[in-house]
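Written below as structure tokens is the structure these notes are about.
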Amino acid sequence: MQLVVHAWEKVAQWNPDMGVNPEELGEYLEGDILFPESISRNGLRAERSRWPGGVVYYTLSPYFTDKDREVIYSAIQEYHTHTCIKFVPWSGVERDYIRFLSGSTGCWSSVGRTGGSQDLNLQSPGCLTKRGTTMHEIMHALGFYHEHTRW
């Protein structure tokens, strides 16, 4: 009988000495991409996959700890500091927005704006140990693939 170890268990047991990043432990395409479209260059080119005006509305799961929220806000601040992308708390009226979730399913995101409520999962604590993992998953939600799969 073979013991099956699921991605959420791997993420829950993750530590910096493992030699991999937590987002690489998932059972999704390339570890952390949910339902990708065809790859085109290093990101999606379709206008419908972009966030209009570079504004991304978002909500945070109430299950994140204060420390988790600090990591997420720190990642968002990096985007505000170094890019034209702006993250704005969802007011409840915007059609398209990201829901930062904390489910026990690893680190993952869809690639690009999918329309409506869009999930981005950051299992705690594994995916929220360092801000880079959060930034990585946000980059997918913005429309970018992994460097090693781009043209």
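Brief remarks follow.
- When segment 71-101 is filtered for residues that are in a loop (DSSP other than H, G, I, E, B), aliphatic (A, V, I, L, M) and either in contact with a Phe, Trp or Tyr (Cβ under 7 Å, 6 or more places away or on another chain) or in contact (Cβ under 8 Å) with a residue 24 or more places away in the chain (or both), only I85 remains.
- Residue match in segment 102-109 (condition: in contact with a Leu (Cβ under 7 Å, 6 or more places away or on another chain), part of a loop (DSSP other than H, G, I, E, B) and at pLDDT below 95): yes
- Segment 22-53 - residue that is over 17 Å from L120 (Cβ atoms) and assigned to a helix (DSSP H, G or I) and, of those, modelled with the lowest pLDDT: E47
- Hits in segment 71-102 (condition: under 25 Å from V11 (Cβ atoms), of a type outside the set (A, V, I, L, M, F, W, C) and touching a helix residue (DSSP H, G or I) at 6+ places or on another chain (Cβ under 8 Å)): S74, E78, Y79, S102
- Listed by first and then second residue, the pairs linking a residue in segment 132-143 that is outside any helix (DSSP H, G or I) to a residue that is surrounded by fewer than 21 Cβ atoms within 10 Å (Cβ to Cβ), with Cβ atoms under 9 Å apart and 6 or more places separating them unless they lie on different chains, are G143/G43; G143/R45; G143/A46; G143/S49; G143/R50; G143/W51.
The values are calculated or read from the model by the stated rules, or taken from the named source; none is laboratory data. Predicted model only: the values in this text are computed from it and were never measured. Methodologically, a virtual Cβ is constructed for each residue, glycine included, from the backbone with ideal geometry; neighbour enumeration extends over all protein chains shown.
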